[in-house]
Amino acid sequence: MIESEEKKLDIILQYLHNQLNNQEKLVFFNLLKTETAFRALFAAEWRLYKELQPVKRKMSAAQKEHILKEVLEQANPYSAGEKVITKFIQELLSLILPVPVMPFIKIAKELSVSD
Amino acid sequence: MNFKKFYTLYADTVYSFIYFKVKDRFLAEDLLQETFLAVYKNHGNLATIRSPKAWVLSIAQRKIVDKLRKEKHQPFSTDSLAEQPFTEISPMETNLFLEELLNRLDETSRQIIYGIYVEQLSYKELAEILNLPEGTVKSKAYYARAKLKRWLEADKND
């Protein structure tokens, strides 16, 4: 038997948050069956819970992806520039060095760069 | 958990939390970016964080407060946003009546109600995010909830 309204609210919230274990669920459903006041309290909480769900906002996948890209670029400010320079050097080397050497340089470069 | 996974899991939650407070899409995106930049700096410790949602939202909360102070939208007080109009809300998108009811609450109570019912946060997590004692969160939740129910009930009877 749960006496205070505060405790009743707690158990209702835990139910809404899906945090009740099996034994607590039994208590919850028993209260729902046997106590009119608890039923009324649950109905009011359920209404509030349902009414508030549309407040939640979601971003589009593109928006989310764009912000992630921005964060990663800001966190690693030289990565974009480094990529351009690396590509430029590789192209330059491919012009200067004989063809059989290039794959070895690329492999050596990949091995030396850890992400 | 790696950073990208963490971002995928919590980006919407953080964005929604920020938007709920600042009501401006561009500002919300900026703050989201700043929040995850701070997360990135600590991403080596992600696996050890007990309540990741509360942790990332507490970073977002600090970013919101800092940003609003810096930009001096208004001399910032926690209640200053209560008077701001909902400039970006389309009637098609959200329940305007409910937004209006929420707007009648003080800023902290509004965030507490949002945290409990929308983000399913515990009182303890909300206390951590808002930097308030757990008892204060609980009592504010109790009174805010009672007010909202009363207002919703009054609307039902009209």
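Within region A:70-95, how many residues are within 21 Å of B:T35 (Cβ to Cβ) and modelled with pLDDT of 75 or more?
So the count comes out to 7.
Select from region B:98-130 the residues that are within 17 Å of A:L9 (Cβ to Cβ), within 10 Å of the chain's Cα centre (by Cα) and more than 9 Å from chain A (Cβ to nearest Cβ) and list them in ascending order.
Matches in region B:98-130: B:I112, B:G115, B:L126.
Restricting attention to region A:2-21, which residues are touching a residue at least 12 places away in the same chain (Cβ under 8 Å) and closer than 17 Å to A:T34 by Cβ?
Residues satisfying the conditions are A:I2, A:E5, A:K8, A:I11, A:I12, A:Y15.
Take region A:1-47 and flag every residue that is closer than 19 Å to B:I112 by Cβ and among the polar types (S, T, N, Q).
A:Q14, A:Q19
Applying the selection to region A:1-36, what residues are part of a helix (DSSP H, G or I) and within 14 Å of chain B (Cβ to nearest Cβ)?
A:E5, A:E6, A:K7, A:K8, A:L9, A:D10, A:I11, A:I12, A:L13, A:Q14, A:Y15, A:L16
Does region A:50-78 hold any residues that are under 18 Å from B:R110 (Cβ atoms) and within 22 Å of the chain's Cα centre (by Cα), and which are they?
Correct list: A:L52, A:Q53, A:P54, A:V55, A:K56, A:R57.
Of all residues in region B:120-158, which are exposed (fewer than 15 other Cβ atoms within 10 Å of the Cβ), modelled with pLDDT under 95 and not in a helix (DSSP H, G or I)?
Matches in region B:120-158: B:N131, B:D158.
Can you tell me which residues in region B:145-158 are in contact (Cβ under 8 Å) with a residue 12 or more places away in the chain and at the interface with chain A (Cβ under 10 Å from one of its Cβ atoms)?
The answer is B:R145, B:L148, B:L152.
Listed here are the residues, each with its yes/no results for (1) in a helix (DSSP H, G or I); (2) within 30 Å of B:R145 (Cα to Cα); (3) facing chain B (nearest Cβ under 7 Å).
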site: A:A43; (1), (2), (3): yes, yes, no
site: A:M59; (1), (2), (3): no, yes, yes
site: A:Q63; (1), (2), (3): yes, no, no
site: A:K69; (1), (2), (3): yes, no, no
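Quick check on this structure: which one of A:E6, A:E65 is of a type outside the set (V, I, T) and out of contact with any Phe, Trp or Tyr (no Cβ under 9 Å at 6 or more places or on another chain)?
A:E65
Test B:T13 against the stated conditions and say whether it is of a type in the set (V, I, T), buried (at least 17 other Cβ atoms within 10 Å of the Cβ) and more than 8 Å from chain A (Cβ to nearest Cβ).
yes
The values are calculated or read from the model by the stated rules, or taken from the named source; none is laboratory data. Worth saying up front: this structure is predicted, and the values here are computed from it rather than measured. For neighbour counting, all protein chains shown are included, and Cβ atoms are generated from backbone atoms with ideal geometry for every residue, glycine included.
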